[in-house]
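Below is one structure, written out as structure tokens; the observations come after it.
The values are calculated or read from the model by the stated rules, or taken from the named source; none is laboratory data. Quick caveat, the model's predicted, so the values are computed rather than measured. Please note: Cβ atoms are built from the backbone with ideal geometry, for glycine as well, and neighbour counts cover all protein chains shown.
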Amino acid sequence: MDVLSMAPHWGPGPWWPVFPAFWIVFWIVLGTLAFRARRNGWGPWGAHRATPPPSTTATAEQILAERYARGEMSGDEYFERVSVLRSGVV
């Protein structure tokens, strides 16, 4: 006779899926945390990605572009001011 047939209460029981489900969830959470940490620049792989501050020229050009897009200045005026910004003459 089989051991399990002699003692039917032996065996994994109805709760056996809990352990594989726990490990699956554990690895998914761990992988998600590692992915998000890498994407956000945390850890040694993201330390070299320090972004430089935006230059004042780029910001001024963006403001001029927005004003030109809203129609607050003509095309000639826009290009004249951008050329002054890029040349450095104030």
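Quick notes
- Of note, ARG70 satisfies the criterion of being at pLDDT 85 or above and charged (D, E, K, R).
- Region 55-78, residues that are part of a helix (DSSP H, G or I) and touching a Phe, Trp or Tyr at 6+ places or on another chain (Cβ under 9 Å): LEU64, ALA65, ARG67, TYR68, GLY75, GLU77, TYR78
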